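Here the structure comes first, spelled out in structure tokens, and everything after it is commentary.
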Amino acid sequence: QVQFAESGGGSVQPGGTLTLSCAISRIMITFFPWAWYRQAPGKQRELIAEISASGGAKYADSVRGRFTISRDNDKNTVFLQMNSLNTDDTGIYYCNRRPPVPDNWGQGTQVIVAS
């Protein structure tokens, strides 16, 4: 089973920046699309950014222009650079395939944006 180890979350003030990492194991990420998902408090998990095998990226409207997804195939890692964070970005962030592998999620990394 594929394993995901998300890291890089924390508490920041509005306008701040964080970079999330997702180390993926038990599969070579090279030929697959990957994505970041976010679960805000009291809400369902949602797709916020995805990256194709060739490196093309797509974003949810809520994060477009502020977040950047990238991948390092040699390190088997997917990243999410988050700029201009606001309180609506608070939540637990997960990575997974796109579409996600059912019932196969990591622990996620928590992001709290508060003044």
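The values are calculated or read from the model by the stated rules, or taken from the named source; none is laboratory data. These numbers come from a predicted model, not from an experiment. All Cβ positions, even for glycine, are placed from backbone atoms using ideal geometry, and neighbour counts span all protein chains on display. In case anyone asks, the SASA skips ligands and DNA or RNA and just uses the protein heavy atoms, side chains included. Shrake-Rupley method; radii C 1.70, N 1.55, O 1.52, S 1.80 Å.
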Considering the range 45-68, residues that are part of a strand (DSSP E or B) and either small (Gly, Ala, Ser) or more than 17 Å from Cys95 (Cβ to Cβ) (or both), and then whichever is farthest from the chain's Cα centre (by Cα), we arrive at Ala57
Mind listing whichever residues of the range 35-52 are without any contact (Cβ under 8 Å) to a residue 40 or more places away in the chain, open to solvent by 50 Å² or more (accessible area, probe 1.4 Å) and under 16 Å from Arg97 (Cα atoms)? Glu46
If we keep only residues of the range 75-93 that are of a type in the set (Ser, Thr, Tyr) and either under 21 Å from Phe31 (Cβ atoms) or open to solvent by 50 Å² or more (accessible area, probe 1.4 Å) (or both), then the residue nearest to the chain's Cα centre (by Cα) is Thr77
Per the list (1) without any contact (Cβ under 8 Å) to a residue 12 or more places away in the chain; (2) in a strand (DSSP E or B), residue check on Phe4 breaks on (1)
Picked from the range 85-115 (must be of a type in the set (Gly, Ala, Ser), in contact with a strand residue (DSSP E or B) (Cβ under 9 Å, 6 or more places away or on another chain) and touching a residue at least 60 places away in the same chain (Cβ under 8 Å)), the residue nearest to Ala49 (Cα to Cα) is Gly108
Residue check: is Glu6 of a type in the set (Asp, Glu) and over 12 Å from Tyr94 (Cβ atoms)? no
